[in-house]
Each structure stands twice: as structure tokens, then as C-alpha cells.
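J.: Sharing a structure, written as C-alpha cells. Questions coming.
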Amino acid sequence: MRRFRHLFVAMVVGLSAVVVFTPPAAAEVVQTIYLNAAGDDTRDGATPATAVRSLVRVQELVAAGPLDLDVEVRVHAGTYVAQGIVWQTYRPGHTISFMPVDYEYGEGIGGIAARPVFQNRRASGSGRYIAGPWFYACPGNPGQPLAEGGTSGLRFYYLQVEYYAESALSLDGSAGSCGGGYQRSSAPGLPSARGLDGNTVFGMLFTKIGNAYTGGSCDNPDFPRCGYGGIVLTESSDNRIENNHFVELRNSENSYIHAIYVTHKSSRNRFVSNQVTGVSSEPIKVRDGSNFNTFEQNVFGANGFLRSSPLMAHYREEVNEATDECSSYHVRFANNDLGTYLVGSTDRLSAWLITPSGPTYKGAPVCPALPAGEVRLITANNTY
């Protein structure tokens, strides 16, 4: 969209008029990078005719600048078969958007010809699907933008992601991120000192995520594959996750995997107006000091395999005292359309479960008490 601004000022002095005119402002400018499954990574991606073919090349082009512009990665319809990418490239104060080539902001699914599909690759020798998420975002390398975390401004619109083992999208702002395992960036119960924040996920389709589709198992050391979530947030806050579809996210163990897993100091996230069906564990899981999150106006189909232990629910908060985890508080789960168990029962899946129980339970002994007047979970108007 191009926006122009005109200013016309007339000042009358006696019988004379002084006219001041400012010319139209320059059109808003973004750096556009074109991605095409038939593209060529030796090209610059600046036009559809010079489209690149991989997110690896896209990241190189984003890193090369210009650094003072937003980025739009325009993705041509097709199937992109590749292992997941580790993303560490940002433009502070600007956004980096991934979207279909024909998408216009504000459109629905009817505004695009087809969703581009990102599909995991199989190893050439074993034929096994590669481990890891499709898109794993973590802070920049030393000396690069967001090396200590911050507002990353990643935006994803109307893409399809399938056949990844661990997750589709993982945003990790923790001190041990980028492959180092989780290390909290601040004391227990305090907000993240790093974070990877301020991202948007809108209109996406996440499907066939987890080891039920990629092979392996969560506990097999020879073929380790375990799904944790369609979206996994780790020290990642202020994200908008809206109008997405989460369909068939399963581990063969009927465990672990969730539509969204909000963990370790991930706060003020909004998970709104999503559709969730075919998830083999709790559709929503929250953990360890992830406060002021909102889960509202979502539609849940049939989710949760029947199993006696642990008990399952649409929303679950879990605290592990052994690792000094703290309770989350002021989480809102409201106005959702709830579903049933996926197989083996006609019973309803419980709306929510917090463990250990107690509305003001603080977590491990090292954790601060919940602020005065706060409780762990606020629920309202969830209906079957």
C-alpha cells in the first residue's frame, strides 16, 4: 500500500495569500525478497524472475541489508522440501514477514491462490525425517542485532508447515538458546532478561507435526524424535497468535505435544480465534512464570487421547519444583468452544487443570509469592 500526505496551508495577510505546499511524502518502502521452489540461490531474490529457492538464502539476503527497512518474503505457491532453519537475523525497529506472493494485509484465505507448503526433508542415507522444528528463532550471534534478545518482529501469514518432528515454529529467547539447551536469563519468578518478543502468527496451517508422522520416539536413543508443540514459546513474550489451524499434531506415545506450549517466562501472549483438532496431548500447556497470557475464542475439535495418567485437559499449567519453576499467574482461558477426547471415549475433555493445585500456589520455595489479588488462572464462558 502506498500512502501520500499533502499539506496545503493558506495564510491571508491583508489582501495577499501565502501558499505553503509540501510535496507528497515518499511511498513506504520495504525490501521484498521472492522465494520460489523453482528459484536459484545464486540470485538476489529482488524480483519474481530472480527468486531464490531456500530460507537459508533468504536469511543471507536479510543479513546483507539494507538494515533500515522492513522485509517482506513473498513465497510463491508450491512445496518447499527442506530441513528446518535456525533463524538469528533481525532488524531492530522493523518487521520481517513471510507470506504468500499474492497476499495483501487484511485478507483472508480466499485472497490467495494457494498456501505455500513447507515440508520436512528426509536424510539421504537413512530416509528418516530430519530432527528439529521448521523455524527455530533465537537471538542473534555476538555482535549482531538482538544478540541479547529483544523485539524480533517476525510475522508469518497463511503458510502450511508439515512433517516436522519437534515443532513447526519455536521462538526461544533464553540464555541457552540456539542449541545450548534452556538456561533461564533471570532469577526464578522474574521476567526474562532477554526474550525474543513481539512476533505475529496469523492464518497459518500446522499439520502432521510429531513423531507419529516423522517416525522415531521420544525415548528411543537410536531414533530420537519427539514433538512438543505446533508453536513453542520459550522466554518469548508479546506475541499475537491468531486465526491459525492446528490439525493432527501427534506423538505415537500420545504424550507431550500441544498446539501451543508456552514455557519459561513467556508472558502477555495472545492465542485467539484459532482452530485446534487432533492433538494427542493437552492442546494448551503453560509452564514456569508465564504470566498474563490470554487464550480466548478458540474452537477445539476432538483432542487428547484417553489415558489415565496424567490427567489431561484443554488447558494445563504445570510446575516442576525440582527445577525451581514458578507458577504462572493472571492467565485467562475464556470464551472457548471445547471438544472431546479424540479416541476411546465419549467423555468430555476437562476444560482446565493446574498441577500442583491451588489458585495461589507459588511454585518452588525459591519463587516469590503471587502478587496480591492475583490467581493462577481466570476462566469464563467456556462451552461444550
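J.: With +1 assigned to the C-beta of every Lys and Arg and -1 to the C-beta of every Asp and Glu, and no other charges, what is the dipole magnitude of segment 125-228 about the Cα centre in debye, to the nearest 20?
T.: Numbers: 6 positive and 7 negative charges, 20 e Å.
Here the size comes out at about 100 debye.
J.: Place the peptides 347-358, 168-179 in order of packing, highest mean first, counting for every residue the other Cβ atoms within 10 Å and averaging per peptide.
T.: Order by mean packing, descending: 168-179, 347-358.
J.: Quick one: plug the Kirkwood hydrodynamic radius of the chain (C-alpha pairs) into Stokes-Einstein at 25 °C, 0.890 mPa s, and report D in µm²/s.
T.: 111 µm²/s
J.: Also: Give me the net charge for the shell around His76: Cβ to Cβ below 15 angstrom, other residues only, Lys and Arg +1, Asp and Glu -1.
T.: Local net charge: +1.
J.: Just order 32-41, 70-79 by mean Cβ neighbour count inside 10 Å, highest at the front, would you?
T.: In descending order of packing, they fall as 70-79, 32-41.
J.: What do you get when you divide the Cα radius of gyration of segment 123-194 by 2.2 N^0.38 Å, with N the number of residues?
T.: So segment 123-194 has a normalised radius of gyration of 1.33.
J.: Could you estimate the translational diffusion coefficient of segment 225-384 from the Stokes-Einstein equation, with Rh from the Kirkwood formula over C-alpha pairs, at 25 °C and 0.890 mPa s, in whole µm²/s?
T.: The diffusion coefficient I find is 159 µm²/s.
J.: Under the rule a/c < 1.5 gives rounded, and otherwise a/b versus b/c splits prolate from oblate, where does segment 129-241 land using the Cα gyration tensor?
T.: oblate
J.: A further question on this structure: If you fit an axis through the alpha-carbon atoms of helix 55-64 and take the longest principal axis of the Cα set of the chain, what angle between them do you get, 0 to 90°, nearest 10?
T.: 50 degrees
J.: Given Asn243, Ile260, Asn298, which one lies farthest toward the positive end of the charge dipole of segment 241-313, if we put +1 on the Cβ of every Lys and Arg and -1 on the Cβ of every Asp and Glu?
T.: Result: Ile260.
J.: Apply 1/(1 + (r/R0)^6) to the Cβ-Cβ distance of Ala82 and Gln144, taking R0 = 22 Å, and write down the FRET efficiency to the nearest 0.05. Numbers along the way, then the final one.
T.: Details: r = 23 Å, r/R0 = 1.05.
Using R0 = 22 Å, I get an efficiency of 0.45.
J.: Classify segment 289-384: rounded, prolate or oblate, from the alpha-carbon gyration tensor (a ≥ b ≥ c, eigenvalue square roots; a/c under 1.5 rounded; otherwise prolate if a/b is larger than b/c)?
T.: Oblate shape, in that a/c is at least 1.5 and b/c is the bigger or equal ratio.
J.: What lysines sit close enough to Lys208 to cross-link, taking a C-alpha to C-alpha distance under 27 Å and skipping anything fewer than 8 places away on the same chain?
T.: Answer for Lys208, where 27 Å is the Cα cut-off: Lys285, listed by chain and number.
J.: For Ala49 and Phe292, what is the calculated FRET efficiency with R₀ set at 51 Å and r taken between the beta-carbons, to the nearest 0.05?
T.: The value I calculate is 0.65.
J.: Output the relative contact order of the chain, whole-number percent, from Cα pairs under 8 angstrom with separation of 6+ residues.
T.: 9 percent
J.: Could I ask something else about it? Using the Karplus curve 6.51 cos²θ - 1.76 cosθ + 1.60 with θ = phi - 60°, work out ³J(HN,Hα) for each residue of segment 191-201 in order, rounded to whole Hz, and write x for Gly and Pro.
T.: Coupling constants for segment 191-201: x, 4, 8, 10, x, 9, 10, x, 10, 10, 10 Hz.
J.: Taking the solvent-accessible surface of protein heavy atoms with a 1.4 Å probe, what is the per residue accessible area of the chain in Å²?
T.: For the chain, the solvent-accessible area averages 44 Å² per residue.
J.: Hey, can you rank 143-150, 101-108 by average C-beta count inside 10 Å, highest first?
T.: So the peptides 143-150, 101-108, ranked by packing, come out 143-150, 101-108.
J.: In whole Å, what is the distance between the alpha-carbon centres of segment 123-176 and segment 181-249?
T.: Segment 123-176 and segment 181-249 have Cα centres separated by 9 Å.
J.: Semi-axes of the equivalent ellipsoid of segment 265-314: what are they in whole Å, largest first, if each equals the square root of 5 times a C-alpha gyration tensor eigenvalue?
T.: They are 21, 16, 6 Å, listed largest first.
J.: Same structure, new question: Can you tell me the FRET efficiency between Tyr182 and Thr340 if r is taken as the Cβ-Cβ distance and R0 is 30 Å, rounded to the nearest 0.05?
T.: FRET efficiency, Tyr182 to Thr340: 0.35.
J.: Which log10 I(q)/I(0) values does segment 175-317 give at q = 0.19 Å⁻¹ under the Debye formula, counting every alpha carbon as one identical point scatterer?
T.: Summing over Cα pairs of segment 175-317 leads to -1.16.
J.: What number in nm² do you get for segment 54-205 if you take the convex hull of its Cα atoms and divide its surface by four?
T.: 10.2 nm²
The values are calculated or read from the model by the stated rules, or taken from the named source; none is laboratory data. On a predicted model such as this, the values are computed, not experimentally measured, just so you know. Reconstructed Cβ throughout: ideal geometry from the backbone, glycine too, with neighbour counts over all protein chains shown. Heads up: the accessible areas ignore ligands, DNA and RNA and are worked out on the full protein's heavy atoms, side chains in. Shrake-Rupley method; radii C 1.70, N 1.55, O 1.52, S 1.80 Å.
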